[in-house]
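The values are calculated or read from the model by the stated rules, or taken from the named source; none is laboratory data. Since the structure is predicted, the reported quantities are computational estimates derived from the model, not experimental observations. Here the Cβ positions follow ideal geometry from the backbone for every residue, glycine too, while neighbour counts run over all protein chains shown.
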Amino acid sequence: MIFSDLAKELTATNNRLYGLNHSLRAEGKDVVDLVSGNLSNYGALYPSDTLQEILTRAIHEARVYKPDSFGQRVAREAIAESYASTVSSDQILLTPGTSLSYWYCFKMLAEAGEEILCPRPSYPLFDYIAKIAGVKIAYYDLLESRNWEIDLLMLEKQINPRTRAIVLISPHNPTGAVINEEQIERLGELAMRHELPMISDEVFSHFLYERNHLPRIASSKAPLVFTLNGLSKNYALPGMKVGWIAVTGRKSLVQNSLRTLEMISDTFLPVNEIAQFATADIIKRGDSFINKQVEFVRACRLKALSSLDNLSFVRPQGGFYITLPIGGDEEEVALKLLEKEHILVHPGYFYEMEGSHLVMTFIFDSERIAHVFDCIRNYI
Ligand SMILES: Cc1ncc(COP(=O)(O)O)c(C=O)c1O
């Protein structure tokens, strides 16, 4: 046998929705993609003259190769400052994006076959990240009937001796839920009671619609927190491939984690040096850009919500996505929407959702978004 069992599991399969999507595109049809949620496709671009200046300087600084396995200090200092210096630059590690940050954490915390507790609805890449890391995903539920709040009782019942960490995603993809202070406190206490590390994904941290401030598990009693973030969503620069892990909590646990993360990172030295040197300036010069794109995303959200006005669903409080409960068969409705209207959305089962739902981003061309969501509404 040439290939591993993992290789067999990783062979891409084509489902009906993506089969149809592929054929429509091959016929030259303009498919409205409400799946990728990529801001840079809709004109929300980091200003090109600023980026050019930043990169020119970064190229100059990166010419002499002096890698740092945690990532260049200048980048880590700017990231630490962005957390109002509640974390030191020595507690930050640069990675080539949040997906790989998850992989680092899974590998560091769990033996093969041990469990990481993740929210359900779930971010679809988890399955693959977990497979490649050789760990298992177990789920705790977010309750649609309570605005997708975490079911903390269920979460605690899921904990067993094989549980190695709890993942929190806030703002959450795809429900748009943002955890509140009371739940943060209870989750932090739960993590402390069970001595479990928290992996907190905050990639949508600037995209908040009903509050100005993101409640963070790093300020709870949790004994060890890995906060994941990066340039991909907040700065609309997914192609820079820069993410980070900020490690906080009890000193000895933080020190142990940093030693392991340093070795993982040192083995690959995977983050492009030019991108590392550019990171500090991208963050420091990015405030007005962030404000502008938050305004754009808020406007998209309001237009989408106004088209869906009298439907019953949980309004997203953060992030880029809407989850709509529907009456019919979710896969059939998604197929029909794609076939007849050329609008690509996902059925809820892609996200391990119970019941029948459609999931879509509201990031879209502001001229056409109202029309697109009017169409969607007719299928619900
Ligand atoms: C919740 C969440 N976390 C992480 C990522 C991936 O981030 P990155 O591009 O930094 O790998 C995504 C991408 O869509 C996401 O939705």
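Key figures
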read-out: Extreme residue, nearest to the ligand (Cβ to nearest atom), among residues of the stretch 177-196 that are in a loop (DSSP other than H, G, I, E, B) and surrounded by fewer than 22 Cβ atoms within 10 Å (Cβ to Cβ); value: N180
read-out: Output for the stretch 17-41, where each listed residue is touching a residue at least 24 places away in the same chain (Cβ under 8 Å) and outside any helix (DSSP H, G or I); value: K29, D30, V31, V32, D33, L34, V35, S36, G37, N38
read-out: Test: residue in the stretch 208-223 that is outside any helix (DSSP H, G or I) and touching a Pro at 6+ places or on another chain (Cβ under 6 Å); value: no
read-out: F373 touching a Lys or Arg at 6+ places or on another chain (Cβ under 9 Å), aromatic (F, W, Y) and within 16 Å of the ligand (Cβ to nearest atom); value: no
read-out: Meets criteria (within 13 Å of the ligand (Cβ to nearest atom) and aromatic (F, W, Y)) for F268; value: no
read-out: Matching residues, the stretch 217-244, being of a type in the set (V, I, T) and either within 13 Å of the ligand (Cβ to nearest atom) or surrounded by fewer than 22 Cβ atoms within 10 Å (Cβ to Cβ) (or both); value: T227, V242
read-out: Residue ID - nearest to the chain's Cα centre (by Cα), chosen from residues in the stretch 294-318 that are among the small types (G, A, S) and surrounded by 17 or more Cβ atoms within 10 Å (Cβ to Cβ); value: G318
read-out: Some residue of the stretch 48-69 being β-branched (V, I, T), farther than 20 Å from P238 by Cα, without any contact (Cβ under 8 Å) to a residue 24 or more places away in the chain and more than 16 Å from the ligand (Cβ to nearest atom); value: yes
read-out: Filter result (part of a loop (DSSP other than H, G, I, E, B), more than 16 Å from the ligand (Cβ to nearest atom) and in contact (Cβ under 8 Å) with a residue 24 or more places away in the chain) within the stretch 305-340; value: L308, L311, V314, R315, I326, G327, G328, D329
read-out: Qualifying positions in the stretch 247-276 - touching a Lys or Arg at 6+ places or on another chain (Cβ under 8 Å), in a helix (DSSP H, G or I) and not small (G, A, S); value: I264
read-out: Residues within the stretch 132-159 that are within 24 Å of K8 (Cβ to Cβ) and out of contact with any strand residue (DSSP E or B) (no Cβ under 9 Å at 6 or more places or on another chain), tallied; value: 2
read-out: Within the stretch 1-37, tally of residues that are at pLDDT below 85 and under 23 Å from F350 (Cβ atoms); value: 5
read-out: Condition met for I363 (outside any strand (DSSP E or B) and modelled with pLDDT under 95); value: yes
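For every residue, the table says whether it meets (1) assigned to a loop (DSSP other than H, G, I, E, B); (2) surrounded by 18 or more Cβ atoms within 10 Å (Cβ to Cβ); (3) within 14 Å of the ligand (Cβ to nearest atom).
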site	(1), (2), (3)
Y104	no, yes, yes
E111	yes, no, no
L117	no, yes, no
Y123	yes, yes, yes
F126	no, yes, yes
K131	no, no, no
I137	no, yes, no
L142	no, yes, yes
L155	no, yes, no
